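Nothing in this text is a laboratory measurement; each read-out follows from the coordinates by a stated rule. What you are looking at is a predicted structure, and each value in this text was computed from that prediction instead of being measured. Neighbour counts run over all protein chains shown; Cβ positions are idealised from the backbone, glycine included.
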Amino acid sequence: MFAEKLKMVTLIIVTMMVAVLFGEPAPTWFRNMVTECRSKHGLIVDNDIIDELYTAIVEISKKHDFDPLLIIALINVESEFRNVVGLSGELGLVQIKKETAEFVAQKYSLPEPEGGWSTLLWDFRVNIEYGVLYLKYLLQRNSGNLLKALEMYNGGSMKTEYANRIVKEYKELMQNKAINSGR
């Protein structure tokens, strides 16, 4: 009897360690969203990278008290899950400018990324972290008004349209997650 209990406890501990070490696999709805976005641009879709991306979004969002669905909506609208350079020099998934990232680093006492600021384009963890912190700063600056913060996040002549698209996407994700609360 003791041996069976020990096996069960060991199995539970190993399972928990794997979940902590490797993160939770991306839910099907997220996998489908990323696959659809990237495929329509002719980009490669890698399931392991999708899992890593999902884990990064969840971890960074929770670390800075954000709903991961909001950050997913932001990324979807900003870049459609592509590492791209915007027309005004915005970088990566969250489309953050180097100058903005430098401001965020100064504001939150972060070091420059190990590979320099070009890391913002290719390292989605760094990119998301700086984007989330910038949005956090903008929310504080706008007394928690998400729409105003998102307008400032985008800037430019289309800022209101982008902000509204992100909020609409966020609401749809919340509604769909409530309906399909599984994988």
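Pick out, in residue order, every one of the chymotrypsin sites (Phe, Trp or Tyr not before Pro) in region 74-145 that is DSSP loop and has at most 16 other C-beta atoms within 10 Å; say none if there are none. Intermediate values should be presented prior to the final figure.
Working: sites: PHE81, PHE103, TYR108, TRP117, TRP122, PHE124, TYR130, TYR134, TYR137; in loops: PHE81, TYR108, TRP117.
Hits after loop and neighbour filter: TYR108.
If amide H atoms are built 1.01 Å from N in the plane of the peptide, which residues on other chains or at least 5 residues away come under 5 Å of the amide H of ILE96?
Amide H neighbours of ILE96: LEU91.
Per 10 Å bin, what is the whole-percent P(r) computed from every C-alpha pair distance within region 23-179?
11, 43, 37, 9, 0
For region 42-50, take each phi angle, set θ = phi - 60°, evaluate the Karplus expression 6.51 cos²θ - 1.76 cosθ + 1.60, and give the result in whole Hz per residue in order, putting x for glycine and proline.
x, 9, 5, 10, 10, 4, 5, 5, 4
Any idea how far apart ARG141 and ILE44 come out in nm if each label point goes 7 Å out from Cα toward Cβ?
The answer from the label model is 3.8 nm.
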